[in-house]
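Notes for the one structure printed next.
The values are calculated or read from the model by the stated rules, or taken from the named source; none is laboratory data. On a predicted model such as this, the values are computed, not experimentally measured, just so you know. Using ideal geometry, Cβ is built from the backbone for each residue, glycine included, and neighbour counts are taken over all protein chains shown. These area figures cover heavy atoms from the full protein model, side chains too; ligands, DNA and RNA do not enter into them. Shrake-Rupley method; radii C 1.70, N 1.55, O 1.52, S 1.80 Å.
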Amino acid sequence: FISGTCAVTYGNINYTGDSQFPCAQKDNFQSFASGFFVAPHTGDIRFYLDSDDSSHFSITVGGAIREFSADNGGSNANYSGFVKDQLYPISVFFTERGGLASWRLDYEFSGQARTPIPASQLRPQWRV
């Protein structure tokens, strides 16, 4: 799972303040993350996207592209059809226009309360 424009990093998306972003520029920038999500269980998974300012989430499940957006706050969506340990293409885009920068991608599913998606559940495109 790769994220970047101002920097390339590997891991999860859990930036809760300006100091955590790997960018020198803290205003007027965009970031993206793409790769594969490794399903932690079979069944439904709810994804949460929180950001200041705006972001967009996309995942392909069963050949269908599922997506939602968050603008100056949070949004979430529940998707079904996941199979444990299978890989699913995922991408997340983020735009920071000014002020505090935050960008967080969480999930929850049966038996797992809402938490940031751990790096162990994300793979870069070239390390499948």
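Quick rundown of the values:
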read-out	value
Within the chain, longest stretch clear of exposed trypsin sites (Lys or Arg not before Pro) (DSSP loop, no more than 15 other Cβ within 10 Å)	1-83
Positive-end extreme of charge dipole, region 19-122 - chosen from LEU87, GLN20, GLY98 (charges on Cβ)	LEU87
Net dipole in debye of the chain [+1 Lys, Arg Cβ; -1 Asp, Glu Cβ; about Cα centre; nearest 20]	400 debye
Accessible area per residue in Å² at 1.4 Å probe, computed on the chain	48 Å²
SER110 versus ASN78: modelled label distance in nm, points set 7 Å from Cα along the beta carbon direction	1.2 nm
Extended-chain gain in nm, criterion 0.36 nm per residue less alpha-carbon gap, ILE65 and GLN20	13.2 nm
Percent accessible area from carbon and sulfur atoms, the chain, protein chains only, probe 1.4 Å	48 percent
Computed accessible area, VAL83, all protein chains, 1.4 angstrom probe, square angstrom	70 Å²
